[in-house]
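Trainee: The structure's right below; bear with me while I get my questions together.
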Amino acid sequence: MIQLGISAFYHDSAACIVKDGKVLHAIEQEKLSGIKHDDSFPVDAIKWVLRASRLTIKDVDEVCWYENPDLKRARVLKSFNKYPIRTFFKRLKFLRERKENQNPSFLLAKHFLYQGTVKWVEHHRSHAAFSYLTSPYKDAAIVTIDGVGEFETVTISKGTENSIEKLYSINFPESLGMFYSTFTAFLGFKPNEGEYKVMGMAGYGDANKYVPFINKLFRFNKETIFSFYPEYFAWEYSDKIMFTSELCNLLGRGPRLPEEEITQDDYDLAAAVQFVYEKQFSRILEKAKELVNSDNLCLGGGCAYNGLANTGAYKYYSSVHIPYAPSDAGSAIGACLAEYKGVRKDNSVPYIGPSFNDISIRTQLEYFGNKIYYFKYPTEERFLTKVATLIHSGNIIGWFQGNMEFGARALGNRSILASPLKDGIKDKINKVIKKREGFRPFAPSCIEEDAKMFFNIKEPIPYMNQVVEVNRNHRLPSITHIDNTARVQTVNKNFNPRYYNLLLALKRISGYPICLNTSFNFKDQTITVTPKQAVERFLDSKMDFLAIENYLIIKMKK
């Protein structure tokens with residue numbers, strides 16, 4: 001059984017190939033197009049996963065689409081009918097695009113001459129399947145939270161062996177994801193992209209200032225866990241301005257414009273938004289605990305990237321699984337897993353993207369002629385010892401190895417690495433290399449068996465999706481946020497042996513099996529995919545060295 005999974009048209013378009021229940025390859029369209037959060041039909045991604053899997057479109061038995069377009073159309077038209085004047089032009093555009101430009105079957109036939117089976121998998125079912133069926137559990141409560149799928153914004157399901165049974169849902173326009181995105185926009189960032197900035201800001205603020213006002217946005221009834229007073233929000237009829245003047249009046253302030261300086265008042269608002277989100281998230285988990293008798297929890301949907309909230313799930317559950325791509329990109333995989341009827345396979349490995357052999361790497365390095373020196377180390381051990389020594393000495397390293405990660409997190413294969421012990425490293429990377437806001441924190445990678453010495457974790461966190469307290473007995477300035485937290489990645493020896501061995505080399509040199517790990521890209525860029533792209537970005541930045549497989553690359557002095 002060969003399945004082609006696809007997600008598209010909202011954000012984070014992606015494609016994957018699943019063979020007999022095992023994910024072979026997957027990639028987001030943005031990583032090939034260079035357009036952040038590319039939502040177009042993923043022609044490039046589909047071509048790549050087919051080529052990487054050594055398949056053609058004729059080999060595909062079924063295409064699994066991550067949502068039901070008919071149900072989504074019904075929801076959108078329902079909103080248009082509710083606000084006919086405000087949505088008049090949007091309705092015309094929507095109906096025109098749905099005829100061809102956003103019709104999956106038409107586009108598959110147009111670009112690939114595919115005339116086979118296309119299965120619609122409901123949006124939150126795709127989320128739930130990706131979360132649960134990539135977990136190690138035989139039973140679990142499954143909670144999915146996002147902006148909106150077709151109608152649903154929250155679901156609670158029961159996972160047992162290979163089956164998923166939905167027990168509860170909340171429908172649009174009651175949306176905790178839209179609530180968070182509204183304040184992302186209010187604080188001057190792009191919704192569906194800048195939410196992690198709001199999370200970073202929250203650590204600098206005093207939530208008490210705005211919590212009483214934000215609580216007034218919610219109304220409570222017996223039918224749903226939460227609902228909103230609609231006069232404060234515009235998300236039913238606008239995808240650009242998500243809030244109304246009534247929200248400004250309630251808060252006693254206007255929105256921050258993107259080019260304006262961030263003030264303490266902005267930090268306070270971010271802290272309050274995060275605080276209220278966590279309270280509502282906890283209420284959803286309480287409902288899940290009531291409905292599903294399990295000590296295990298699987299989280300899915302774009303809101304599962306909220307690492308601050310995720311850690312609070314241990315109040316209710318002994319073990320928590322959040323997959324490596326819980327938002328719409330991962331639903332391309334989830335749709336396939338939901339439809340596969342065979343034996344459940346282990347799909348926990350996120351390294352399912354492009355890789356490059358030695359000939360390809362050397363060819364791309366030679367392209368840069370007299371701009372770089374490069375040297376290939378004869379053994380991996382000597383190479384990793386050298387890189388670890390450079391990191392411990394305060395150098396910032398571009399790190400490129402193996403198959404690229406799938407999802408939004410750099411998990412040790414396309415990363416920028418630095419020492420967690422050096423003062424000033426965080427500011428240098430933010431201001432000089434990444435060229436981004438100074439409040440943004442950096443994540444640490446730590447070998448799995450030592451992680452509890454340095455961080456307050458309950459279990460391994462392989463996908464860097466929980467924010468936890470840093471042990472105050474250890475000073476780790478470049479990876480510790482202002483509120484003494486860090487978004488930790490624990491690295492398993494079998495999961496990523498090369499990256500694990502680099503951390504071991506750091507431990508031998510410094511006593512700490514930890515490094516700062518941020519994605520290999522700069523502001524407004526997608527993550528690095530190819531060796532050529534890695535060298536170009538290395539040359540265009542203040543990084544000190546570049547490591548590609550066993551090659552150490554140095555800039556030639558001008």
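The values are calculated or read from the model by the stated rules, or taken from the named source; none is laboratory data. Computed from a predicted structure; not experimentally measured. Cβ placement follows ideal geometry from the backbone for every residue including glycine, while neighbour counts extend to all protein chains displayed. Side chains included, ligands, DNA and RNA excluded: accessible areas come from the protein's heavy atoms. Shrake-Rupley method; radii C 1.70, N 1.55, O 1.52, S 1.80 Å.
Trainee: Out of all the residues in region 385-394, is one or more under 21 Å from Pro441 (Cα atoms) and either among the basic types (Lys, Arg) or touching a Gly at 6+ places or on another chain (Cβ under 6 Å) (or both)?
Mentor: So far as region 385-394 goes, no, none of its residues is under 21 Å from Pro441 (Cα atoms) and either among the basic types (Lys, Arg) or touching a Gly at 6+ places or on another chain (Cβ under 6 Å) (or both).
Trainee: Restricting to region 53-81, what's the tally of residues that are over 21 Å from Ala26 (Cβ atoms) and outside any helix (DSSP H, G or I)?
Mentor: 1
Trainee: Now a separate question. Restricting attention to region 222-243, does a residue exist that is polar (S, T, N, Q), part of a helix (DSSP H, G or I) and open to solvent by 10 Å² or more (accessible area, probe 1.4 Å)?
Mentor: So far as region 222-243 goes, no, none of its residues is polar (S, T, N, Q), part of a helix (DSSP H, G or I) and open to solvent by 10 Å² or more (accessible area, probe 1.4 Å).
Trainee: Let me ask something additional. So if I check each of Ser294, Ser319, which one is in contact (Cβ under 8 Å) with a residue 60 or more places away in the chain, open to solvent by 10 Å² or more (accessible area, probe 1.4 Å), touching a strand residue (DSSP E or B) at 6+ places or on another chain (Cβ under 9 Å) and small (Gly, Ala, Ser)?
Mentor: Every option except Ser319 fails the conditions.
Trainee: Of all strands (runs of 3 or more DSSP E) completely enclosed by region 430-516, which ones contain at least 3 residues that are open to solvent by less than 50 Å² (accessible area, probe 1.4 Å) and in contact (Cβ under 8 Å) with a residue 40 or more places away in the chain?
Mentor: Counting at least 3 such residues, we get 443-447, 489-491.
Trainee: A further question on this structure: Being open to solvent by less than 10 Å² (accessible area, probe 1.4 Å) and free of Cβ contacts under 8 Å to residues at least 40 places away in the same chain, is that true of even one residue in region 409-420?
Mentor: no
Trainee: Right, another one. Kindly list the number of the only condition in (1) part of a loop (DSSP other than H, G, I, E, B); (2) more than 12 Å from Thr480 (Cα to Cα); (3) modelled with pLDDT of 95 or more that fails for Ile416.
Mentor: Tallying (1) part of a loop (DSSP other than H, G, I, E, B); (2) more than 12 Å from Thr480 (Cα to Cα); (3) modelled with pLDDT of 95 or more, Ile416 fails exactly one: (1).
Trainee: Let me spell it out: the conditions are (1) at pLDDT 90 or above; (2) crowded, with 19+ Cβ neighbours inside 10 Å; (3) within 25 Å of Asp12 (Cα to Cα), and Leu247 meets all of them except one. Which number is the exception?
Mentor: Condition (3) is where Leu247 drops out.
Trainee: Here's a follow-up. With respect to Ala547, is the statement that it is out of contact with any helix residue (DSSP H, G or I) (no Cβ under 6 Å at 6 or more places or on another chain) and touching a residue at least 60 places away in the same chain (Cβ under 8 Å) true?
Mentor: no
Trainee: When you go through Ser360, Ser348 one by one, which is the residue that is surrounded by fewer than 22 Cβ atoms within 10 Å (Cβ to Cβ), assigned to a loop (DSSP other than H, G, I, E, B), in contact with a Pro (Cβ under 9 Å, 6 or more places away or on another chain) and not hydrophobic (A, V, I, L, M, F, W, C)?
Mentor: Result: Ser348 is the single residue among Ser360, Ser348 that is surrounded by fewer than 22 Cβ atoms within 10 Å (Cβ to Cβ), assigned to a loop (DSSP other than H, G, I, E, B), in contact with a Pro (Cβ under 9 Å, 6 or more places away or on another chain) and not hydrophobic (A, V, I, L, M, F, W, C).
Trainee: Run down Leu411, Leu384, Leu421 and say which single residue is modelled with pLDDT of 95 or more, part of a helix (DSSP H, G or I) and either out of contact with any helix residue (DSSP H, G or I) (no Cβ under 7 Å at 6 or more places or on another chain) or of a type in the set (A, V, I, L, M, F, W, C) (or both).
Mentor: Leu384
Trainee: Within region 1-47, restricting attention to residues that are open to solvent by less than 40 Å² (accessible area, probe 1.4 Å) and among the polar types (S, T, N, Q), which residue is nearest to Glu193 (Cα to Cα)?
Mentor: That would be Ser13.
Trainee: For Leu285, state whether it is touching a residue at least 60 places away in the same chain (Cβ under 8 Å), closer than 19 Å to Lys458 by Cα and in contact with a Ser or Thr (Cβ under 8 Å, 6 or more places away or on another chain).
Mentor: It is false that Leu285 is touching a residue at least 60 places away in the same chain (Cβ under 8 Å), closer than 19 Å to Lys458 by Cα and in contact with a Ser or Thr (Cβ under 8 Å, 6 or more places away or on another chain).
Trainee: Within region 149-163, how many residues are open to solvent by 10 Å² or more (accessible area, probe 1.4 Å) and out of contact with any Lys or Arg (no Cβ under 7 Å at 6 or more places or on another chain)?
Mentor: Summing the residues that are open to solvent by 10 Å² or more (accessible area, probe 1.4 Å) and out of contact with any Lys or Arg (no Cβ under 7 Å at 6 or more places or on another chain) in region 149-163 gives 4.
Trainee: OK, next. Being open to solvent by 70 Å² or more (accessible area, probe 1.4 Å) and touching a helix residue (DSSP H, G or I) at 6+ places or on another chain (Cβ under 9 Å) narrows it down to one of Lys216, Lys197, so name that one.
Mentor: Only one candidate passes the filter, namely Lys216.
Trainee: Can you list residue pairs whose Cβ atoms sit under 7 Å apart, with the first residue in region 99-118 being closer than 14 Å to Leu4 by Cα and modelled with pLDDT of 90 or more and the second being open to solvent by less than 40 Å² (accessible area, probe 1.4 Å) and among the hydroxyl-bearing types (Ser, Thr, Tyr)? Count only pairs 6 or more apart in sequence or on different chains.
Mentor: Close Cβ pairs satisfying both conditions: Leu108/Tyr114.
Trainee: Would a scan of region 299-308 turn up a residue that is part of a helix (DSSP H, G or I), without any contact (Cβ under 8 Å) to a residue 24 or more places away in the chain and not basic (Lys, Arg)?
Mentor: For region 299-308, residues part of a helix (DSSP H, G or I), without any contact (Cβ under 8 Å) to a residue 24 or more places away in the chain and not basic (Lys, Arg): absent.
Trainee: Hey, can you tell me all the residues within region 363-380 that are touching a residue at least 24 places away in the same chain (Cβ under 8 Å) and surrounded by 11 or more Cβ atoms within 10 Å (Cβ to Cβ)?
Mentor: Answer for region 363-380, where residues must be touching a residue at least 24 places away in the same chain (Cβ under 8 Å) and surrounded by 11 or more Cβ atoms within 10 Å (Cβ to Cβ): Gln364, Leu365, Tyr367, Phe368, Lys371, Ile372, Tyr373, Tyr374, Phe375, Lys376, Tyr377, Glu380.
Trainee: From the list Ile397, Ile359, which one is among the hydrophobic types (A, V, I, L, M, F, W, C), farther than 30 Å from Thr117 by Cβ and without any contact (Cβ under 8 Å) to a residue 60 or more places away in the chain?
Mentor: Ile359
Trainee: Consider only pairs whose beta carbons are under 8 Å apart and that are at least six residues apart or on different chains; among these, list those whose first residue lies in region 185-196 and is farther than 17 Å from Ser175 by Cα and whose second residue is in a helix (DSSP H, G or I) and open to solvent by 20 Å² or more (accessible area, probe 1.4 Å).
Mentor: Taking only residues 6 or more apart or on different chains, the pairs are Leu187/Lys197; Phe189/Glu195; Phe189/Lys197; Tyr196/Tyr305.
Trainee: With the checklist (1) over 22 Å from the mean Cα position of the chain (by Cα); (2) open to solvent by less than 20 Å² (accessible area, probe 1.4 Å); (3) on the phi > 0 side of the Ramachandran plot in hand, flag the one item Gly252 doesn't pass.
Mentor: Going through the list (1) over 22 Å from the mean Cα position of the chain (by Cα); (2) open to solvent by less than 20 Å² (accessible area, probe 1.4 Å); (3) on the phi > 0 side of the Ramachandran plot, Gly252 breaks only (2).
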